[in-house]
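The values are calculated or read from the model by the stated rules, or taken from the named source; none is laboratory data. All of these numbers come straight from a predicted model, not from anything done at the bench. Cβ coordinates were reconstructed from backbone atoms using ideal geometry, including for glycine residues, and neighbour counts include every protein chain displayed. Areas reflect the complete protein model, heavy atoms only, side chains present, ligands, DNA and RNA absent. Shrake-Rupley method; radii C 1.70, N 1.55, O 1.52, S 1.80 Å.
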Amino acid sequence: QVQLVESGGGLVQAGGSLRLSCAASGRIVSINLQSWYRQAPGKQREFVAVIASGGVTNYSDSVKGRFTISRDNAKNTVYLQMNSLKPEDTGVYYCKVLQRGMNYWGKGTLVTVSS
């Protein structure tokens, strides 16, 4: 089992920045993908960003150019740097890890962007 704990959420004004972290612990053997998703109130969970084991990254069109995903393998931690935040970025941000065909999710951290 892999446990994931997100942190770094909070309240920020539009145009501001936040940095989310997701620390993994437990039976970490070979992580293939580390991703961030978000869920706005009343909406379905949606993909935000992903980083593969080789370092290749991908982003949703809505955050491309504003968000950056990165990781620290020594700390088993993935980050999401969020700049130029907009009210529509508000939601609960979840970390997901894919390891050996199994997906693991964190419990999320709330990001609120005020206008």
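For the range 71-105, give me each residue that is over 16 Å from Ser21 (Cβ atoms) and of a type in the set (Lys, Arg).
The answer is Lys86, Arg100.
Working only within the range 63-91, note down all residues that are touching a residue at least 24 places away in the same chain (Cβ under 8 Å), assigned to a loop (DSSP other than H, G, I, E, B) and open to solvent by less than 60 Å² (accessible area, probe 1.4 Å).
Val63, Asn76, Asn83, Leu85, Thr90
If I ask for residues that are more than 22 Å from Gly101 (Cβ to Cβ) and of a type in the set (D, E, K, R), which ones from the range 44-81 would you list?
Correct list: Glu46, Asp61, Lys64, Arg66, Asp72, Lys75.
Under 6 Å between Cβ atoms, at least 6 apart or on separate chains: pull out the pairs that start in the range 38-62 with a residue that is within 23 Å of Asn73 (Cα to Cα) and at pLDDT 95 or above and end on any residue that is open to solvent by 30 Å² or more (accessible area, probe 1.4 Å) and of a type in the set (Val, Ile, Thr).
Between residues of the range 38-62 that are within 23 Å of Asn73 (Cα to Cα) and at pLDDT 95 or above and residues that are open to solvent by 30 Å² or more (accessible area, probe 1.4 Å) and of a type in the set (Val, Ile, Thr), the close pairs are Ile51/Thr57.
Considering only residues that are of a type in the set (Lys, Arg) and open to solvent by 60 Å² or more (accessible area, probe 1.4 Å), look in the range 3-56 and name the one that is farthest from the chain's Cα centre (by Cα).
Taking the range 3-56 and keeping what is of a type in the set (Lys, Arg), we get 19, 27, 38, 43, 45.
From what's left, open to solvent by 60 Å² or more (accessible area, probe 1.4 Å): 19, 27, 43, 45.
Values: Arg19: 9, Arg27: 20, Lys43: 17, Arg45: 12 Å.
Looking at the filtered set, the residue picked out is Arg27.
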